[in-house]
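To start, the structure itself, in structure tokens.
The values are calculated or read from the model by the stated rules, or taken from the named source; none is laboratory data. Worth saying up front: this structure is predicted, and the values here are computed from it rather than measured. Heads up, the Cβs are rebuilt from the backbone with ideal geometry, glycines too, and the neighbour counts pull from every protein chain shown. For the accessible areas, the whole protein counts, side chains as well, though only heavy atoms, and no ligand, DNA or RNA atoms are used. Shrake-Rupley method; radii C 1.70, N 1.55, O 1.52, S 1.80 Å.
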Amino acid sequence: MTGRSAETAVKAALKSQAVETPSWAFGNSGTRFKVFAQPGVPRTPAEKLADAARVHAHTGVAPTVALHIPWDRVDDYGVLAARARELGLRIGAINSNVFQDDDYKLGSVTHPDPSVRRKALGHLLECVDVMDATGSRDLKLWFSDGINYPGQDDISARQGRLADALSAVYERLGNDQRMLLEYKLFEPAFYATDVPDWGTAYAHCLKLGPKAHVVVDTGHHAPGTNIEFIVAVLLREGKLGGFDFNSRFYADDDLMAGAADPFQLFRIMYEVIRGGGFTAGTAFMLDQCHNIEEKIPAIIRSVMNVQEATAKALLVDAEALAAAQRAGDVLAANAVLMDAFNTDVRPLVAEVRTELGADADPVAAYHASGYGKRIVAERVGGTPAGWGA
């Protein structure tokens, strides 16, 4: 393609992109030691939707917001979904929570006590009910289940209990609904986590069927893990359901996407595009907590970082790269990727936002809107949203 036609194709692709924001990122959060409260945070799921709508208004590419149950529990989910539509949004993935109950100290769906397992399964099925009421496509499952000491429980038996629960939930899903199974290397289980890696998640999803997919949280890996390799393999197998984008320096730091290693985010997006995963079938979600920075601008910045990494990945000269690979020219092949990564795509992405009716500089536009000062003044009293810990 010529330079002009390539730019047109890249802009068209960027306009089709959608980045899902997480409702919980708008509430108070912190570390194991302290939750740092901020003025103006939402008190209700409806106020979270309002903040998410502000992100979408400024970026033009954040039309869905993920819910977390019970953090976002309401009496009528149909009313909440209608409110989202009024704000120009849709309800995205429904996230379950089987890790904040005293009964789950030794696990939820893998707990040795059948009554605890039934309770956890009941919650997962409740989340499918929420999907039905909101029109959500994806159920996202993350389990903190695991053991801290050798001999604490039977590792194989726990995998069997997990498989039974996943199968029950899978059977409850509608034809247009999916299950996204998340994995995490460690924490809070330290000796053996029940879903510790992509291979374990993939094995369970493979047995379940076509409605079960793996979700990759970019913070849930051992240091040095080649995440783009995992992405490439899952795409080959048709089992990549989506991402939880964030950044980490050491473990599951949940920092702004692209903040710690923008080159890694670029490499991941390149593999997504090369592998045919840049479609509506791959959910591009944020999963972050903003503990010391202002929340809405941080989420806007994260969306921008994903956009810019995607733009650079779209600019990779596929023909030149393939030619260098066929010739075994290591340096030339690497140079093709580096040329794309080193391109300043900010003007291009700003044009895309403007053409979408959003803002060329979303962060500046947000601050100029006065929205942040307004919600601080208006959201007085009540209980600020947070982790519920």
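Miscellaneous remarks
- For the pair E294 and D75, a Förster radius of 22 Å applied to the C-beta separation gives a FRET efficiency near 0.10, rounded to the nearest 0.05.
- For region 20-61, trypsin sites (Lys or Arg not before Pro) meeting the loop criterion (DSSP other than H, G, I, E, B) and having at most 11 other Cβ atoms within 10 Å: R32, K34.
- Extension gain for E237 to N148 (0.36 nm times residue separation, less C-alpha to C-alpha distance): 28.8 nm.
- Sulfur and carbon atoms: percent of accessible area, the chain [1.4 Å]: 55
- Net length gained if the chain between E319 and V35 were fully extended (0.36 nm per residue, minus Cα distance): 97.3 nm
- Förster radius 30 Å - calculated FRET efficiency between N226 and D102, Cβ distance, rounded to 0.05: 0.20
- Cα→Cβ-extended label distance, 7 Å offset, between D113 and K207, nm: 2.6
- Here the simple spin-label model places points 7 Å from the Cα toward Cβ, and for S16 and D339 these points are separated by 2.5 nm.
- Only DSSP H runs of four or more residues enter the estimate; each adds -39500 (n - 2.57), and after division by the residues of the chain the mean residue ellipticity at 222 nm equals -14500 deg cm²/dmol.
- Within the listed set K140, K15, K239, the Gaussian network model of the chain (springs between alpha-carbon atoms below 10 Å) gives the highest mean-square fluctuation for K15.
- Accessible surface ranking that places the most exposed of V233, V330 first, with a 1.4 angstrom probe: V330, V233
- Out-of-range pairs (alpha-carbon distance over 30 Å; input K312/K373; K11/K373; K119/K211): K312/K373; K11/K373
- Estimated vicinal HN-Hα couplings, Hz - region 148-165 in sequence order (Karplus 6.51, -1.76, 1.60; Gly, Pro = x): 9, 9, x, x, 4, 7, 7, 4, 5, 4, 5, 5, x, 5, 4, 4, 4, 5
- Spin-label model distance (nm) - R379 vs S167, 7 Å beyond Cα toward Cβ: 4.4
- Were the residues from A157 through E7 laid out at 0.36 nm apart, the gain over their Cα-Cα distance would be 48.6 nm.
- Computed accessible area, S247, all protein chains, 1.4 angstrom probe, square angstrom: 10
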